[in-house]
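Asker: One structure coming up, written as structure tokens, with questions to follow.
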Amino acid sequence: MPTRLLRSEDGVIRADAILAWAVLLVALVIVAFSSVAVSELTLHARTLQTISTARAIREETLNFVIALAESEGASGPARTEAHARAETHLARFAELTAQNPAIVEDAAEIQALARQIMATPRPTSAAFDDLRAANRRLQGALNAAIDADRQGEDAARTRLAVLAGVLSLLALAGSAVAIIAARRERAQWRKLHALSEAAARAAADADLAKTRFLAVASHDMRQPLHALTLYISALERRVQTDDARDILTKMDRATQSMVGMFATLLDLARVQTGGVKPELSDFALQEVIDRVVAHNPGGTVTAASTGAILHSDALLLEGALRNLVANAIRHGGGHAEILVADAEDGGVRLSVRDHGPGIAPADQDRIFEEFVRLEGRAGAQGLGIGLSIVRRIAALLGFRLALVSAPNAGATFSLVIPRSAIRADAAPRQEAAPVSLGGACVLAVDDDAFAREAMTQVIADMGGDVRAANGAEEAETIIAEGFQPALIIMDLRLDDALIGIELARRLNASLSTPARVIIVTGDTEPQTLATLRASGFPWLIKPVDPHALAAAAA
């Protein structure tokens, strides 16, 4: 190697030049090593193939010899059947041996002897001896082929060992120069790897924490909100003075705000984690609008009648509409207006309009981001994620989402939704009359004491003769004592098990006249919702709105 190539201008041996030459030599040896390695692998594969073929040949030989032996003492159909089996194995034997020219002659001799034995009514023992001798020669040839392949494989391994030794020596020579750089690189890699693993663990822990939060919040945290909502509804019927009613109204608004924020957080997490799967069906848009209007009593939401029939996911659409209405009430002056019109593409344009301060063009994209709240707004409470959920639901269902607004001109949020092939004429909405159960027997089953007591009070206020049970055993005892409910309000999860549907069916089976069943639950996982839909029972998600409960009870 010319030393001038290894020296710098001042005559000092250059480490990078040595390393470059070492790398070149190592690369050449690696190429040779790889070539021999590929050759060794090919030889090994050929050896395995030879062994496999030899085993198959031995197996077929044994099979047709057995068939020949069976035919020797047989006659008539049995002999014919044995010969047929022998021919089958001989055909497979011929196919296998034809792949190896070294054994073709021995194989042909074995086939000829076998067919000669089959053609002879009473073959002699000498014929079988000849067959066995030919088979021994064939097996010897097979063993020789296997040994030859193994010898070639061993030679390739020897060459690999030699090249590996050379490669090791070159690697040792080059390591003297490269060790410092390698250590530095390794240290940097370890640092980056540690940071990457820490970030991955943090992400996994955060995802696990979110999952655990959803699992707990979806049921346990809904329980006290459910009870609180029903208690306020029951208290509302008992308050007499105007001052007390005003306080109660404020309590109800605060509770509904808390319920809305809680539900919004869960909706966002479920949409983010892919826990929401659309279930498309045909439904009346008016029913969705009516539920949203009923969720905001007091005239804060107005909507015109519509006869539009849509093809989408009614529950997800209702969630998006609720968030748009809540946003309009909170930031648009305390009132929201729901509008329905024909869209240009034949769909339906569902809009929510407010008369608030409007949104500047610079903020109209930003407000759809999570946890963004515009500054300087009156009533800017909330989490700033309602519009983010609307955007995600619109993307999930393929809706077009639009915003028309300007400062001091209010805001109109619109969703363009596919129309169903089914058509319906618009019909005016009718205000629902107050619900009265007229003394009907009602059984309320819930393992949460607060929720059970609150539900009992609300049903009693509706005029129902209500009995409450904390679980399956107490419910069955109440019915066994002669109580015959016309309505059963059943919590889905009892004692940490989703047995409400099964219990409701079991209780109905013991009644002389089956009762109507309403399932209430705080579980919102997709599997749970699918189970509820398949049950055929109406169901409500906790915290249950008293108006929704009254409508379901009616």
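Asker: Inspect all residues belonging to the stretch 135-143 and state whether any of them is farther than 18 Å from His89 by Cβ, in contact (Cβ under 8 Å) with a residue 24 or more places away in the chain and open to solvent by less than 30 Å² (accessible area, probe 1.4 Å).
Answerer: Scanning the stretch 135-143, I find at least one residue that is farther than 18 Å from His89 by Cβ, in contact (Cβ under 8 Å) with a residue 24 or more places away in the chain and open to solvent by less than 30 Å² (accessible area, probe 1.4 Å), so the answer is yes.
Asker: Within the stretch 145-192, work out how many residues are at pLDDT 80 or above and under 49 Å from the mean Cα position of the chain (by Cα).
Answerer: Selection size over the stretch 145-192: 3.
Asker: May I pose another question? Collect the residues in the stretch 521-546 that are outside any helix (DSSP H, G or I), charged (D, E, K, R) and out of contact with any strand residue (DSSP E or B) (no Cβ under 7 Å at 6 or more places or on another chain), keeping them in residue-number order.
Answerer: Taking the stretch 521-546 and keeping what is outside any helix (DSSP H, G or I), we get 521-525, 536-545.
Still in the running and charged (D, E, K, R): 523, 525, 542, 545.
The answer is Glu525, Asp545.
Asker: Val466 - would you say it is modelled with pLDDT of 90 or more and not small (Gly, Ala, Ser)?
Answerer: Yes; evaluated as a whole, the condition is true for this residue.
Asker: Right, next: Those residues that are surrounded by fewer than 19 Cβ atoms within 10 Å (Cβ to Cβ) and either in contact (Cβ under 8 Å) with a residue 24 or more places away in the chain or under 18 Å from Val544 (Cα atoms) (or both), I need them from the stretch 481-497; list them, please.
Answerer: The first filter runs over the stretch 481-497 and keeps only residues surrounded by fewer than 19 Cβ atoms within 10 Å (Cβ to Cβ), leaving 481-484, 486, 495-497.
Hits for the stretch 481-497 are Phe483, Gln484, Ala486, Asp495.
Asker: Looking only at the stretch 391-424, how many residues end up being at pLDDT below 85 and among the aromatic types (Phe, Trp, Tyr)?
Answerer: 0
Asker: Here's something else I'd like to know. Looking only at the stretch 444-480, which residues are buried (at least 19 other Cβ atoms within 10 Å of the Cβ), closer than 15 Å to Ala509 by Cα and not β-branched (Val, Ile, Thr)?
Answerer: Ala472, Ala475
Asker: Another one. Within the stretch 302-358, restricting attention to residues that are in a helix (DSSP H, G or I) and open to solvent by 60 Å² or more (accessible area, probe 1.4 Å), which residue is modelled with the highest pLDDT? Break it down into steps so the answer makes sense when it comes.
Answerer: Filtering the stretch 302-358 down to residues in a helix (DSSP H, G or I) leaves 314-331.
If we keep only those that are open to solvent by 60 Å² or more (accessible area, probe 1.4 Å) as well, we get 315, 322, 330.
Numbers: Leu315: 77, Arg322: 86, Arg330: 80.
Ranking the qualifying residues of the stretch 302-358, first place goes to Arg322.
Asker: Specify the residue that is modelled with the highest pLDDT; the eligible residues are those in the stretch 425-459 that are closer than 25 Å to Gln286 by Cα and out of contact with any helix residue (DSSP H, G or I) (no Cβ under 9 Å at 6 or more places or on another chain). Lay out the reasoning, then the answer.
Answerer: Going through the stretch 425-459, the residues closer than 25 Å to Gln286 by Cα turn out to be 425-436.
This time we only want the ones that are out of contact with any helix residue (DSSP H, G or I) (no Cβ under 9 Å at 6 or more places or on another chain), so: 425, 428, 430-431, 433, 436.
Values: Asp425: 44, Pro428: 45, Gln430: 49, Glu431: 49, Ala433: 53, Ser436: 74.
Taking the candidates together, the pick is Ser436.
Asker: Does Val26 satisfy being in contact with a helix residue (DSSP H, G or I) (Cβ under 7 Å, 6 or more places away or on another chain) and modelled with pLDDT under 75? Even if it seems obvious, please write down each step before you answer.
Answerer: Working: in contact with a helix residue (DSSP H, G or I) (Cβ under 7 Å, 6 or more places away or on another chain): yes; modelled with pLDDT under 75: yes.
So Val26 passes the test.
Asker: Another one. Output the residues belonging to the stretch 55-108 that are touching a residue at least 60 places away in the same chain (Cβ under 8 Å) and β-branched (Val, Ile, Thr).
Answerer: Residues satisfying the conditions are Ile57, Thr61, Val65.
Asker: Moving to a separate point now. Would you confirm whether any residue within the stretch 61-74 is at pLDDT 75 or above, within 30 Å of Glu153 (Cα to Cα) and open to solvent by less than 30 Å² (accessible area, probe 1.4 Å)?
Answerer: Yes, the conditions are met somewhere in the stretch 61-74.
Asker: Another question, if that's okay. Could you pull out the residue among Leu511, Leu532 that is out of contact with any Asp or Glu (no Cβ under 6 Å at 6 or more places or on another chain) and farther than 24 Å from Asp465 by Cβ?
Answerer: Numbers: Leu511 fails: farther than 24 Å from Asp465 by Cβ.
Only one candidate qualifies: Leu532.
Asker: In addition: Is there a residue in the stretch 498-520 that is touching a residue at least 24 places away in the same chain (Cβ under 8 Å), crowded, with 20+ Cβ neighbours inside 10 Å, part of a helix (DSSP H, G or I) and of a type outside the set (A, V, I, L, M)?
Answerer: yes
Asker: Within the group Ile489, Ile499, which residue is β-branched (Val, Ile, Thr) and at pLDDT 90 or above? I'd like the intermediate steps shown before the answer.
Answerer: Details: Ile499 fails: at pLDDT 90 or above.
Result of the check over Ile489, Ile499: Ile489.
Condition check ((1) open to solvent by 80 Å² or more (accessible area, probe 1.4 Å); (2) closer than 22 Å to Asp448 by Cα; (3) modelled with pLDDT under 70) across all residues:
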{"site": "Ala217", "(1), (2), (3)": "no, yes, yes"}
{"site": "Leu225", "(1), (2), (3)": "no, yes, yes"}
{"site": "Val239", "(1), (2), (3)": "no, no, no"}
{"site": "Ala244", "(1), (2), (3)": "no, no, no"}
{"site": "Lys250", "(1), (2), (3)": "yes, no, yes"}
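Asker: Which condition number does Phe93 fail, the rest of (1) open to solvent by 70 Å² or more (accessible area, probe 1.4 Å); (2) closer than 23 Å to Arg136 by Cβ; (3) within 53 Å of the chain's Cα centre (by Cα) being met?
Answerer: For Phe93, the exception is condition (1).
The values are calculated or read from the model by the stated rules, or taken from the named source; none is laboratory data. The model shown is predicted, which means the values in this text are computed figures rather than measured ones. Methodologically, a virtual Cβ is constructed for each residue, glycine included, from the backbone with ideal geometry; neighbour enumeration extends over all protein chains shown. Keep in mind that these areas ignore ligands, DNA and RNA; they rest on the heavy atoms of the full protein, side chains included. Shrake-Rupley method; radii C 1.70, N 1.55, O 1.52, S 1.80 Å.
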